[in-house]
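A short worksheet on the structure shown next.
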Amino acid sequence: MDTNMRVLIVDDFATMRRILKNILKQIGFKNISEAENGKAALKELKSEKFDLVLCDWNMPEMPGIELLNQVRSDEQLKGIPFVMVTAEAKKENILEAVKAGVSSYIVKPFTAETVSEKLKKIFAA
Amino acid sequence: MNKRLISEIGNLVDGKLSAPEIEKLVRFMNRKSLKGLEEDREAFFKHLAREMRQEMKELAELIVEFKRDFQSRIHPEITELRTTYIPQAADQLEGIIESTEQAANRIMDNLEGMQRLTEEAMEALAGVRRQLVEREAASGPQARGEAQDLGGRIDSLRQSLERCLLLIGDSFEKMSFQDLTGQRIKRTIDLVNLMEERIQKTLLSFGLKVTEKTYNPEISGEDLASTVEKKLSDLRGPQRPGQGLNQADIDKLLARL
């Protein structure tokens with residue numbers, strides 16, 4: 001897994017963005033950006049090139065699932081690995097995300113090990 | 001119209017006025033009657049405006065009176081529940097989110113500081129270890145034994161620092177409690193707000209039904225429901241301090257009407 005890749009963390013809770021950022025740094029990632037909702041994330045994604053998106057589900061302005069749908073329907077962005085990081089662990093949520101084309105699904109609370117494992121799986125495929 | 005009037009006046013005065021005099025008289029009469037009409041119209045609209053103002057004032061007074069009336073009819077504790085405790089509950093919950101967020105950030109600042117210091121200490125130790133290896137190679141057997149012993153202690157220290165880093169990382173992960181509890185509290189706040197809205201509507205509806213039935217005992221169930229719904233809609237509006245008009249504003253407004 002190339003740790004030089006650019007990662008975008010999308011979460012409305014600053015605490016969670018900070019935790020994820022710290023975990024990604026522990027794994028070795030250096031280029032990490034943040035956005036506090038789907039709308040801001042979409043703006044970021046359209047202005048800069050990212051290699052991975054880690055996104056919360058429940059956010060104001062634009063929820064994670066809508067961002068995922070928009071990313072997958074955009075010719076330029078549709079190939080970006082998209083990981084949903086959320087407390088929404090209901091079956092219907094997971095099915096909806098899978099249907100929308102999510103690359104992986106991490107349920108909060110998570111460990112650095114889980115994040116690392118999921119990312120390794122995505123980039124090994 | 002004027003020709004007919006001139007002819008009728010001519011018949012009435014029976015030649016006592018000349019034709020130009022009759023025409024002058026008709027012009028004068030026309031001017032007077034027009035002015036009269038305009039004056040009548042102005043008086044009419046003034047009267048209408050006065051009536052409307054009075055009606056509006058009475059209607060506004062009725063709404064305020066209803067508000068006072070149902071508040072006095074409802075048990076004070078229930079009113080307090082809606083006006084004080086429920087809004088306070090939402091505020092308290094929001095306060096919890098804020099204070100846990102502040103604390104979580106402070107703890108994460110500390111953890112990041114500890115992480116940095118531990119990494120620096122590990123780097124310094126690695127430097128010392130390298131120097132020791134170099135010296136070990138260049139020294140005699142006794143010094144070599146001491147260096148090996150020191151090297152062992154450095155390795156043990158390094159392992160402790162690694163464990164420290166793991167614990168810091170684990171503490172960092174556990175800070176996600178703030179996000180999770182925050183989300184649950186936010187949902188509870190939404191629920192409290194919904195409850196407040198429902199209780200308010202129930203209390204209002206109950207108070208208005210009692211009042212309306214007292215004033216109008218013959219009212220049918222259907223009419224009562226529609227009257228109460230209409231009044232609920234009139235009464236609905238911001239209730240929290242700082243939002244909307246307070247009683248003093250309403251009284252001032254009524255006084256101006």
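The values are calculated or read from the model by the stated rules, or taken from the named source; none is laboratory data. Model, not experiment: these values are computed from the prediction. Glycine gets a Cβ as well: all are built from the backbone with ideal geometry, and neighbour counts include every protein chain shown. Note: accessible area is taken over every heavy atom of the protein model, side chains too, but ligands, DNA and RNA are not part of it. Shrake-Rupley method; radii C 1.70, N 1.55, O 1.52, S 1.80 Å.
Within region B:97-134, count every residue that is away from chain A (no Cβ under 14 Å) and either under 23 Å from the mean Cα position of the chain (by Cα) or not in a helix (DSSP H, G or I) (or both).
Counting residues in region B:97-134 that are away from chain A (no Cβ under 14 Å) and either under 23 Å from the mean Cα position of the chain (by Cα) or not in a helix (DSSP H, G or I) (or both) gives 0.
For residues in region B:132-177 being closer than 30 Å to B:ASN110 by Cβ and among the charged types (D, E, K, R), which is least open to solvent (accessible area, probe 1.4 Å)?
Kept after step one, since they are closer than 30 Å to B:ASN110 by Cβ, are these residues of region B:132-177: B:153-177.
From the residues that got through so far, the ones that are among the charged types (D, E, K, R) too are B:153, B:155, B:158, B:162-163, B:170, B:173-174.
On the way: B:ARG153: 152, B:ASP155: 61, B:ARG158: 96, B:GLU162: 72, B:ARG163: 140, B:ASP170: 64, B:GLU173: 18, B:LYS174: 110 Å².
Per the criteria, the residue is B:GLU173.
Being under 14 Å from the mean Cα position of the chain (by Cα) and not basic (Lys, Arg) is the filter here, so list the residues in region A:14-28 that pass it.
A:MET16, A:ILE19, A:LEU20, A:ILE23, A:LEU24, listed by residue number.
Would you point out the residue of region A:1-51, among those that are away from chain B (no Cβ under 14 Å) and in contact (Cβ under 8 Å) with a residue 60 or more places away in the chain, that is surrounded by the fewest Cβ atoms within 10 Å (Cβ to Cβ)?
For region A:1-51, the residue satisfying everything is A:ASP2.
Quick check on my filter: what residues within region B:93-131 are open to solvent by 40 Å² or more (accessible area, probe 1.4 Å) and of a type in the set (S, T, N, Q)?
B:SER99, B:GLN102, B:ASN105, B:ASN110, B:GLN131
Looking at A:GLU75, is it modelled with pLDDT of 95 or more, more than 14 Å from chain B (Cβ to nearest Cβ) and farther than 19 Å from B:SER176 by Cβ?
no
Here's the yes/no breakdown for (1) among the polar types (S, T, N, Q); (2) over 21 Å from A:LEU24 (Cα atoms); (3) in contact with a Lys or Arg (Cβ under 8 Å, 6 or more places away or on another chain):
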{"position": "A:ASP51", "(1), (2), (3)": "no, no, yes"}
{"position": "A:TRP57", "(1), (2), (3)": "no, no, no"}
{"position": "A:MET62", "(1), (2), (3)": "no, yes, yes"}
{"position": "A:GLU66", "(1), (2), (3)": "no, yes, no"}
{"position": "A:VAL71", "(1), (2), (3)": "no, yes, yes"}
{"position": "A:LYS78", "(1), (2), (3)": "no, yes, yes"}
{"position": "A:THR86", "(1), (2), (3)": "yes, no, yes"}
{"position": "A:LYS91", "(1), (2), (3)": "no, yes, no"}
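Residue under question is A:VAL53, and the condition is that it be under 19 Å from A:ASN22 (Cβ atoms), of a type outside the set (S, T, N, Q), outside any helix (DSSP H, G or I) and touching a Cys at 6+ places or on another chain (Cβ under 9 Å); does it hold? Lay out the reasoning, then the answer.
On the way: under 19 Å from A:ASN22 (Cβ atoms): yes; of a type outside the set (S, T, N, Q): yes; outside any helix (DSSP H, G or I): yes; touching a Cys at 6+ places or on another chain (Cβ under 9 Å): no.
For A:VAL53, the condition - under 19 Å from A:ASN22 (Cβ atoms), of a type outside the set (S, T, N, Q), outside any helix (DSSP H, G or I) and touching a Cys at 6+ places or on another chain (Cβ under 9 Å) - is not met.
What's the total number of residues in region B:3-54 that are open to solvent by 90 Å² or more (accessible area, probe 1.4 Å) and touching a Leu at 6+ places or on another chain (Cβ under 8 Å)?
Of the residues in that region, 1 qualify.
Kindly provide the set of residues from region A:83-103 that are modelled with pLDDT of 90 or more, more than 11 Å from chain B (Cβ to nearest Cβ) and either surrounded by 18 or more Cβ atoms within 10 Å (Cβ to Cβ) or under 17 Å from A:ASN58 (Cβ atoms) (or both), ordered by number.
Applying the first criterion (modelled with pLDDT of 90 or more) to region A:83-103 yields A:83-85, A:96-103.
Checking the rest, the ones that are also more than 11 Å from chain B (Cβ to nearest Cβ) come to A:83-84, A:96-103.
Listed by number, the residues that qualify are A:VAL83, A:MET84, A:GLU96, A:ALA97, A:ALA100, A:VAL102, A:SER103.
Residues of region B:1-56 being among the hydroxyl-bearing types (Ser, Thr, Tyr) and part of a helix (DSSP H, G or I), which ones?
At the first step, the residues of region B:1-56 found to be among the hydroxyl-bearing types (Ser, Thr, Tyr) are B:7, B:18, B:33.
Once the filter is applied, which keeps residues that are among the hydroxyl-bearing types (Ser, Thr, Tyr) and part of a helix (DSSP H, G or I), region B:1-56 yields B:SER7, B:SER33.
Only one of B:THR211, B:THR202 is away from every other protein chain (no Cβ under 14 Å), open to solvent by 60 Å² or more (accessible area, probe 1.4 Å) and within 30 Å of the chain's Cα centre (by Cα); which? Reasoning before the result, please.
Values: B:THR211 fails: open to solvent by 60 Å² or more (accessible area, probe 1.4 Å).
None of the other options fit; the residue is B:THR202.
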